[in-house]
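Following: one structure in structure tokens, then a few remarks.
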Amino acid sequence: MIRSGIGYDVHQFKKGRPLILGGVEIPHTHGLDGHSDADVLSHAIADAVLGALGLPDIGYYFPPGEASCKDICSLRILEKCAALCKEKGYQLMNVDSSLVAEAPKVLPHAEAMKENIAKALGLTPDHIGVKATTNETMGWEGRREGMAAYATALVVKAGIFDRA
């Protein structure tokens with residue numbers, strides 16, 4: 001059985017916080033606001049994996065008001081998703097993602113993000129897609145109020161395919 005999932009996440013910018021994307025600290029004037037490290041990219045990927053498995057979203061596993069989740073590294077969330085994938089008898093094949101923000105430029109950091117995400121999910125970086133785009137100055141993203149991320153994940157019943 002082949003299954004896919006879609007994830008979406010959004011966080012507002014907040015002065016005084018680091019900007020973490022895919023487990024990489026990106027130099028920028030603002031970070032993202034959230035209970036965890038607010039890694040919008042990792043959160044969207046986590047929800048895509050969980051969706052492919054037919055499971056609840058990351059808030060179910062990592063409640064935003066829970067003290068143990070305060071400032072948690074979102075790569076730990078991805079590790080939990082990979083473990084759930086195995087528990088359910090599925091193999092994660094790949095993820096693809098897109099960040100939406102006017103700034104900062106993330107392309108210089110994409111390979112490091114892919115490496116972090118791949119390691120957390122038990123994949124190789126060539127099975128991870130990380131892209132970015134602007135919103136052409138339209139809407140809240142265009143006004144630089146925050147950042148959004150979209151992701152997809154593909155899982156297959158364990159043992160059906162070998163990852164190529």
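Figures for the structure shown
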item	result
Of all residues making up region 112-127, the number that are over 15 Å from residue 93 (Cβ atoms) and either of a type outside the set (D, E, K, R) or modelled with pLDDT under 95 (or both)	4
The one condition in (1) closer than 28 Å to residue 2 by Cβ; (2) in contact with a Lys or Arg (Cβ under 8 Å, 6 or more places away or on another chain); (3) of a type outside the set (Val, Ile, Thr) that residue 119 fails to fulfil	(2)
Within region 18-77, considering residues that are touching a residue at least 60 places away in the same chain (Cβ under 8 Å) and of a type in the set (Val, Ile, Thr), the one farthest from residue 143 (Cα to Cα)	49
Top-ranked residue of region 1-47 - restricted to ones that are aliphatic (A, V, I, L, M) and closer than 15 Å to residue 57 by Cβ, ranked as surrounded by the fewest Cβ atoms within 10 Å (Cβ to Cβ)	6
Complete set of residues in region 49-68 that are within 17 Å of residue 34 (Cβ to Cβ) and either crowded, with 18+ Cβ neighbours inside 10 Å or not hydrophobic (A, V, I, L, M, F, W, C) (or both)	57, 58, 59, 60, 61, 62, 63, 64, 65, 66, 68
Segments classed as helices (runs of 4 or more DSSP H), wholly inside region 1-104, with at least 2 members that are under 21 Å from residue 133 (Cα atoms)	40-52
First in region 104-129 and within 19 Å of residue 150 (Cβ to Cβ) and without any contact (Cβ under 8 Å) to a residue 60 or more places away in the chain, second anywhere and in a loop (DSSP other than H, G, I, E, B) and of a type in the set (Val, Ile, Thr), Cβ under 6 Å, 6 or more apart	118/124
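A quick yes/no check of all residues on (1) touching a strand residue (DSSP E or B) at 6+ places or on another chain (Cβ under 8 Å); (2) surrounded by fewer than 16 Cβ atoms within 10 Å (Cβ to Cβ); (3) over 11 Å from residue 45 (Cβ atoms):
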position	(1), (2), (3)
104	yes, no, yes
115	no, no, yes
132	yes, no, yes
142	no, yes, yes
146	yes, no, yes
153	yes, no, no
157	yes, yes, yes
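The values are calculated or read from the model by the stated rules, or taken from the named source; none is laboratory data. No experiment lies behind these values; they were computed from the predicted model shown. Here Cβ is always computed from backbone atoms with ideal geometry, including for glycine, and neighbour counts include all displayed protein chains.
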